[in-house]
Every structure is written in C-alpha cells, then in structure tokens.
1. Any residue that is β-branched (Val, Ile, Thr), open to solvent by less than 100 Å² (accessible area, probe 1.4 Å) and modelled with pLDDT of 80 or more - is there at least one of those in region 99-109?
2. Going through Lys127, Lys144 one at a time, which residue ends up being open to solvent by 70 Å² or more (accessible area, probe 1.4 Å), modelled with pLDDT of 80 or more and either within 25 Å of Leu97 (Cβ to Cβ) or not aliphatic (A, V, I, L, M) (or both)?
3. Which residues, taken from region 171-226, are under 22 Å from Ser104 (Cα atoms), of a type in the set (D, E, K, R) and out of contact with any Phe, Trp or Tyr (no Cβ under 6 Å at 6 or more places or on another chain)?
4. Just give me the residues in region 2-47 being within 16 Å of Gly69 (Cα to Cα), of a type outside the set (A, V, I, L, M, F, W, C) and within 33 Å of the chain's Cα centre (by Cα), in sequence order.
5. Got at least one residue in region 48-64 being closer than 28 Å to Gln25 by Cα and within 29 Å of the chain's Cα centre (by Cα)?
6. Check Ile176 against each of (1) more than 30 Å from Lys226 (Cα to Cα); (2) modelled with pLDDT of 80 or more and name the one condition it does not meet.
7. Taking region 130-141 only, how many residues are open to solvent by 80 Å² or more (accessible area, probe 1.4 Å) and closer than 28 Å to Leu183 by Cβ?
8. Please list, ordered by first then second residue, the pairs with beta carbon atoms under 7 Å, 6 or more apart or interchain, first in region 197-209 and free of Cβ contacts under 8 Å to residues at least 60 places away in the same chain, second open to solvent by 60 Å² or more (accessible area, probe 1.4 Å) and assigned to a loop (DSSP other than H, G, I, E, B).
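The values are calculated or read from the model by the stated rules, or taken from the named source; none is laboratory data. Only a predicted model underlies this, so the values are computations on that prediction, with no experimental measurement involved. Cβ: placed from backbone, ideal geometry, glycine included. Neighbour counts: every protein chain shown. All accessible areas refer to the heavy atoms of the entire protein, side chains included, with ligands and DNA or RNA removed. Shrake-Rupley method; radii C 1.70, N 1.55, O 1.52, S 1.80 Å.
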Amino acid sequence: FNGDYQAWQNLLIPSIQEKFKNEMQQALTGEREFNTTFEILTKNGKRKFIGARGMIERNSKGDAISIYGINWDRTKEVELEINLVAERSKAFHKAKLASLGEMSAGIAHEINNPLTIIEGSVRLLQKHQDLSEEFKTKLTTIEKSVRRISKIITGLRKFSRTSDKQNFTPQSLKVILNEIVALIDSNIKRNFVQIVVNCETESPVLCNEIEQVVINLINNSIDAIK
C-alpha cells in the first residue's frame with residue numbers, strides 16, 4: 001500500500017469494495033467518521049481483518065483535501081468475536097432443540113393414550129358381522145389414519161430422545177425413513193415437494209439418533225428446491 005486511494009481499494013476483497021467505497025465517501029462529505037474494519041486478501045491468499053480510523057483534513061471551504069490515520073491488524077480479535085457469536089448460536093440452538101424434544105415427548109404421550117382407545121374400538125367394531133360395506137369402509141379409513149398418527153408419534157418419540165451417550169443400536173433404515181417422511185409430511189406438502197423413498201433392503205444399520213440427521217438433510221433439500 002503506497003498511500004494511494006486506489007491501491008487501498010484494490011486490497012479489499014471484491015464483495016465489500018462497494019460498501020467501503022460508500023463509507024469513505026460519507027467520511028469525505030462529513031456525514032460520518034471514518035472508523036471501520038475491513039477485510040483484505042494478502043499476496044499469499046490469506047484473509048485479514050484490518051481496523052481503520054481516519055481523520056479528514058479540509059480546506060477553508062470545508063472540502064476534503066486529504067485523509068490520514070492508522071490501520072491495524074484486528075484478525076485475531078474479529079475471529080474471536082465470530083467464534084463467540086457462533087458458539088452462542090450453537091448453545092441457543094441446542095437449548096431450543098432440548099425444549100422441542102421435551103415438548104415432542106409430552107405431545108406424543110398425550111396423543112398416544114386416546115389413540116390406543118380409538119384403535120381398540122375400531123378393532124371391536126370390525127368384528128361385527130352386520131356392518132354395512134360403507135361403514136366397514138369408514139372403519140378402514142379410520143384405521144389407516146390411526147396407523148399414520150402412530151407413525152408420527154413413533155417419529156416424535158425418537159426425535160425427542162436426548163442422550164450424551166453414544167449408544168449405537170441396529171435399526172431398520174427403511175422403517176426409519178418411512179417414519180421420518182410421516183413426521184415431516186406437512187412440511188413436504190406445504191412446499192409442494194415430492195419425496196420418494198426407495199429403500200428395499202431390510203438389513204439393519206448400526207446407528208444413533210440418525211433421525212435428526214436425515215430430517216436435517218431433507219429439510220435442507222426442501223429449502224433448496226421449494
């Protein structure tokens with residue numbers, strides 16, 4: 001950097017050049033002080049965060065004729081700030097997931113009790129021989145709906161499990177995928193996305209809390225293509 005404005009601007013990474021060009025212009029016109037942090041790319045390709053504070057020298061008319069000040073390396077400080085923000089975000093997200101897990105477990109428990117009663121009542125009714133075909137069709141529809149809700153409850157229960165222990169257990173991937181699709185079906189339909197599960201193997205996979213991983217993958221995919 002030889003003191004020339006253009007040389008300084010060329011040091012800035014392309015994505016921020018316009019922003020800091022505006023900041024400099026505002027400082028020159030007296031709208032703001034020049035006190036900022038900008039990002040540069042060094043000759044060896046390394047990114048650095050540079051603090052900058054400048055004073056504007058003006059003529060008798062108030063026009064800017066030069067700017068002088070200091071630049072200093074703030075890379076470690078800024079990276080620490082970025083890491084702190086990221087850690088706070090992770091902690092908040094973890095707490096939110098824990099609350100969601102507790103809520104899911106409670107909802108699953110509350111729904112499961114009346115669902116068991118409905119399922120038992122449907123099975124008793126189906127044993128009657130004098131039922132009309134239309135009534136039998138209605139019972140079949142209710143039974144399918146009960147099975148669907150049961151899948152959602154199973155998915156909620158698995159989702160709500162929180163444990164620091166890495167207990168890997170053999171589970172059917174096909175069953176897991178079907179449960180997950182049932183659990184996030186509303187999100188799928190709301191975004192007009194079609195998901196096809198193509199998993200024919202019945203072989204188990206040794207895994208731990210894989211449901212959340214797959215849910216994240218699917219939700220990310222929905223966000224990308226909706």
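1. Within region 99-109, not a single residue is β-branched (Val, Ile, Thr), open to solvent by less than 100 Å² (accessible area, probe 1.4 Å) and modelled with pLDDT of 80 or more.
2. Lys144
3. Glu179, Asp185, Lys189, Arg190, Glu209
4. Glu23, Thr36, Thr37
5. Checked region 48-64: at least one residue is closer than 28 Å to Gln25 by Cα and within 29 Å of the chain's Cα centre (by Cα).
6. Result: Ile176 fails condition (1) only.
7. Counting residues in region 130-141 that are open to solvent by 80 Å² or more (accessible area, probe 1.4 Å) and closer than 28 Å to Leu183 by Cβ gives 2.
8. Listed pairs, sorted by first residue: Leu206/Phe168; Cys207/Phe168; Asn208/Gln166; Asn208/Asn167; Asn208/Phe168; Glu209/Arg161.
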